[in-house]
Structures are given as structure tokens and as C-alpha cells.
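Have a look at the structure below before the remarks.
Taken together, the values in this text are just the output of simple stated rules run on the coordinates, not laboratory data. Here the structure is a predicted model, which is why all the values come from computation and not from measurement. Heads up, the Cβs are rebuilt from the backbone with ideal geometry, glycines too, and the neighbour counts pull from every protein chain shown.
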Amino acid sequence: MKTNFARALLVLGATFILALAPLQAGACSTAGQAGRWAYTYTGTIFTQNGSLPTASVGRFSQDAAGNITGSQTRNVAGNSGVEDISGNVTVNPDCTASATINVLVNGQLQRTALLALVYDNDRNHARMIFQSLTLPNGTNVPVVITVDANRLVTRD
């Protein structure tokens with residue numbers, strides 16, 4: 001009787017693991033999210049002189065190691081500029097991720113953003129939020145900025 005019960009548990013456990021296998025095949029990874037992406041962000045920068053609306057449109061490429069390079073056109077309170085971006089993203093199997101993005105103008109670091117991400121829509125879309133924004137001198141700039149990104153060539 002104990003042997004039959006143990007076998008039944010073993011078969012049930014194996015069935016459960018096999019049922020989860022297709023879910024694991026669809027899991028996210030840093031290499032799996034490699035590709036070309038386009039994004040927009042909008043939000044607010046908070047300064048001692050008041051809040052400033054901000055927005056951006058850009059594109060980036062991510063390689064299999066999570067390295068990111070790209071460019072964006074941003075607008076802060078009506079003043080626009082073109083900037084380069086570089087950084088790194090680490091993707092978790094549950095499709096959450098974190099990224100460190102450096103923003104540069106003419107090769108000079110302007111600021112560094114830490115982002116929290118989640119991939120959805122069969123890993124072809126990402127939602128992000130700035131966790132922090134830091135100037136080269138270490139000053140933390142309070143912000144509320146969200147990002148919406150889409151893969152330029154969708155995965156099947």
C-alpha cells in the first residue's frame with residue numbers, strides 16, 4: 001500500500017514537472033531579449049525650482065550579453081536634445097529585469113538611470129519605470145518616469 005502511494009506521488013510529481021516544461025521554454029533570458037527596440041518615455045523631473053515635464057523617443061540594440069547601445073531625442077520642459085545611451089540589462093526567467101542606462105552627449109556622461117522592467121506580449125513589449133536618476137557628481141534627481149518599449153522585429 002505504501003509502495004503504491006509512493007509511486008502515485010512520483011507519477012503525479014513527474015506529470016507536474018512535464019506540464020511546466022512548456023512554460024519554462026517560454027521563459028525570458030538576457031540573450032532571448034536581444035534585438036532592436038524602440039521606446040518612448042514620459043514623466044516628471046522634480047527640482048528645487050519645481051517640477052519639469054519630460055518625454056523622449058528613442059531606439060536601442062541589445063546584444064545577447066545584455067549590452068545596450070542607442071540614441072534618443074528627449075525634451076525637458078520644452079528644451080530638446082539628442083543623446084546617446086549605453087548600458088546593460090539583466091533579465092530574469094520570470095520576465096522581470098533591471099537595467100543601468102548611461103546617457104551621454106558628445107561622449108560625456110550626463111546621467112545614469114536605474115530601471116525596473118517587465119516583458120510582456122510574448123516578450124515583444126517591455127514596461128519600465130525609473131528607480132533612480134543620478135548625475136555624474138553623485139546627485140540623485142527625483143523623477144517619476146515610465147517607459148514603453150516594443151521590439152522592432154517581433155519574435156514568433
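Note on LEU135 and ASN121: the extension gain reaches 1.7 nm, defined as 0.36 nm multiplied by sequence separation minus the Cα-Cα distance. When the charge dipole of segment 35-151 is built from unit charges on Cβ atoms (+1 for Lys and Arg, -1 for Asp and Glu) and taken about the Cα centre, the candidate among GLY58, ALA116, ALA77 whose Cα reaches farthest toward its positive end is ALA77.
Placing pseudo-labels 7 Å out from each Cα toward the beta carbon at VAL144 and SER98 gives an inter-label distance of 2.4 nm. Pairs of Cα atoms nearer than 8 Å and 6+ residues apart set the relative contact order; for segment 35-151 it is 23 percent.
Ordered from longest to shortest, the equivalent ellipsoid semi-axes for segment 35-151 are 23, 15, 14 Å, each the square root of 5 times a Cα gyration tensor eigenvalue. The modelled label-to-label distance between VAL82 and ALA64, using points 7 Å beyond Cα along the C-beta direction, is 3.2 nm. Working from label points 7 Å from Cα in the Cα-to-Cβ sense, the LEU109 to THR73 distance is 2.8 nm.
Over all other residues within a Cβ to Cβ distance under 12 Å of ALA31, the charged ones net out to 0, with Lys and Arg as +1 and Asp and Glu as -1.
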